[in-house]
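In what follows, a single structure is set out as structure tokens and then discussed.
The values are calculated or read from the model by the stated rules, or taken from the named source; none is laboratory data. What you see is a predicted model, and the numbers here were worked out from it, not measured in a lab. Here the Cβ positions follow ideal geometry from the backbone for every residue, glycine too, while neighbour counts run over all protein chains shown. Just so you know, the surface numbers come from the protein's heavy atoms only, side chains and all, with ligands and any DNA or RNA stripped out. Shrake-Rupley method; radii C 1.70, N 1.55, O 1.52, S 1.80 Å.
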Amino acid sequence: MQIKNIDGEVLLTLKADTLQGINLAGADLAGADLRGADLSGANLAGADLRWADLRGADLRGAKLIGADLTGANLRGANLSGADFTESDLIGTNFSGVDLTGVNLRGADLRLAQLTQQNMQGANLEGANLVGAKMQGVNLAGANLEHANLRFANLRGANLKGANLRFAQLEGVKLDNAELPDNVVVMDQMHWKV
């Protein structure tokens with residue numbers, strides 16, 4: 001089996017006939033064309049997946065701890081139970097992805113496209129969400145403790161029951177957002193949690 005980039009060039013030749021449960025920890029898969037690939041249960045810890053096309057890929061239960069997915073396209077991918085702890089997801093497109101309960105602890109999600117996503121119960125503890133596009137996102141019950149949400153767009157977002165303890169909220173756009181009962185907005189630059 002071969003993994004190719006979007007130009008058809010071979011990036012990696014594998015002896016396996018499936019990618020399900022495969023160990024690709026630390027692999028260089030930058031620009032890989034993995035559209036619709038079954039990577040469920042795969043170990044992609046520390047892998048270089050910058051600008052990879054993972055549209056419609058099955059990443060259920062995959063371990064992507066410390067992986068670099070900068071600019072990757074995850075549109076329509078199945079991420080149920082995936083672990084993105086400490087991953088680089090700068091500018092990543094999550095359109096059409098259900099992120100319910102996904103582990104994004106310490107992940108770098110600067111400028112990520114998370115608009116209208118279901119992130120209910122997701123773990124975003126210590127995540128960097130500076131400037132993230134999160135209009136209408138459902139973060140009900142999510143853990144955002146110590147998360148950096150500076151200048152993120154959370155217009156119309158649902159934050160009911162979310163843990164915002166020690167979160168950085170400077171300049172966050174919250175028009176029409178549903179906030180937890182313990183959050184008091186004094187003005188765009190001052191918060192009390």
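Note on region 44-56: among residues that are open to solvent by 10 Å² or more (accessible area, probe 1.4 Å) and in contact with a Lys or Arg (Cβ under 8 Å, 6 or more places away or on another chain), the one that is nearest to Ile6 (Cα to Cα) is Asp53.
Here Ala127 fits the description: under 11 Å from the mean Cα position of the chain (by Cα), more than 17 Å from Arg50 (Cα to Cα), modelled with pLDDT of 95 or more and open to solvent by less than 40 Å² (accessible area, probe 1.4 Å).
Residues are listed down the side, and each one gets a yes or a no for (1) at pLDDT below 95; (2) buried (at least 22 other Cβ atoms within 10 Å of the Cβ); (3) closer than 21 Å to Val137 by Cα:
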residue: Thr18; (1), (2), (3): yes, no, no
residue: Asp38; (1), (2), (3): no, no, no
residue: Gly76; (1), (2), (3): yes, no, yes
residue: Gly91; (1), (2), (3): yes, no, yes
residue: Leu99; (1), (2), (3): yes, yes, yes
residue: Ala107; (1), (2), (3): no, yes, yes
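If you check Leu69, Leu59 for being surrounded by 21 or more Cβ atoms within 10 Å (Cβ to Cβ) and out of contact with any Lys or Arg (no Cβ under 8 Å at 6 or more places or on another chain), only one passes: Leu59. Hey, among Gly66, Gly71, which residue is within 14 Å of Asp33 (Cα to Cα) and out of contact with any helix residue (DSSP H, G or I) (no Cβ under 9 Å at 6 or more places or on another chain)? Sole residue among the options that is within 14 Å of Asp33 (Cα to Cα) and out of contact with any helix residue (DSSP H, G or I) (no Cβ under 9 Å at 6 or more places or on another chain): Gly71.
Answer yes if at least one residue in region 20-28 is open to solvent by less than 40 Å² (accessible area, probe 1.4 Å), under 22 Å from Gly101 (Cβ atoms) and modelled with pLDDT of 95 or more, and no otherwise. Walk me through how you get there before you give the answer.
Initially, region 20-28 is screened for residues open to solvent by less than 40 Å² (accessible area, probe 1.4 Å), giving 22, 24, 27.
Next, from what is left, pick out any that are under 22 Å from Gly101 (Cβ atoms): none.
No, region 20-28 contains no residue that is open to solvent by less than 40 Å² (accessible area, probe 1.4 Å), under 22 Å from Gly101 (Cβ atoms) and modelled with pLDDT of 95 or more.
In a residue-by-residue description of region 136-144, the property of being in a strand (DSSP E or B), modelled with pLDDT of 90 or more and among the polar types (S, T, N, Q) applies to at least one position. Among the residues making up region 102-138, those that are touching a Gly at 6+ places or on another chain (Cβ under 9 Å) and farther than 16 Å from Ser87 by Cβ are Thr115, Gln116, Gln117, Gln120, Gly121, Gln135, Gly136, Val137. The residues in region 1-47 that are farther than 21 Å from Lys63 by Cβ, among the charged types (D, E, K, R) and in contact with a strand residue (DSSP E or B) (Cβ under 9 Å, 6 or more places away or on another chain) can be counted, and the count is 3.
For Gly81, the conditions (1) surrounded by fewer than 19 Cβ atoms within 10 Å (Cβ to Cβ); (2) in contact with a strand residue (DSSP E or B) (Cβ under 6 Å, 6 or more places away or on another chain); (3) closer than 21 Å to Gly101 by Cα are fulfilled apart from (2). Among the residues of region 1-16, just one is in contact with a Gly (Cβ under 9 Å, 6 or more places away or on another chain) and open to solvent by less than 50 Å² (accessible area, probe 1.4 Å), namely Asn5.
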